[in-house]
Amino acid sequence: MKTFVISLTLIVIGAMIGRRMFSRPGVEFTGSREKNLEILRKVADMVNRDLPKRLDAETTLLRVDVTNSGVVNRYKISTLTYAEFSQVGIMGEAAPRLREETCANKSYRKAMDYGFTVSYFYVDRNNQPAGSVTFAQADCEKGLTTR
């Protein structure tokens, strides 16, 4: 049951962050990738002013980064170690629904339409990498990439 709650939390929180990031006034992409990266970075800076933020008993949104590839949402799951995270298969369980929510999110789709990816990166209670999933525009039409 705990696994289900954590994976459901990952799905809901991932979708909320996308809506929050791009629903700000003045977020209009252009034909220039560099200008679009600048826009993404400014929005991430605004979001990061309120972070880190504990979202529930297990999950903390640490920060939102922008790389040359796209948006990276960074979370900490405070109740599990990497071994426990892997053993219960949270990423495999959450990834398909997280993909659905990301692809249905107009804001994230907008970024993906301009060639950016949307990633979710998780660390365990010891701040060790625990899992990640990355979505690109093509993932909204077919499969997905998880690690």
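Of the GluC sites (Glu not before Pro) found in region 82-147, those that fall in a DSSP loop while having at most 14 other beta-carbon atoms within 10 Å are 141.
Going down the list 35/110; 76/142; 35/106; 110/142; 106/142, which pairs span over 25 Å between their C-alpha atoms? Over 25 Å apart, Cα to Cα: 76/142.
For region 30-73, the Kirkwood hydrodynamic radius from C-alpha pairs, put into Stokes-Einstein at 25 °C and a viscosity of 0.890 mPa s, yields a diffusion coefficient of 217 µm² per second.
None of the figures in this text is laboratory data; all of them are computed from the coordinates on show. Just so it is clear, the model here is predicted, and its values are computed rather than measured. A quick note on method: Cβ atoms are made from the backbone with ideal geometry, for glycine too, and the neighbour counts reach across all protein chains shown.
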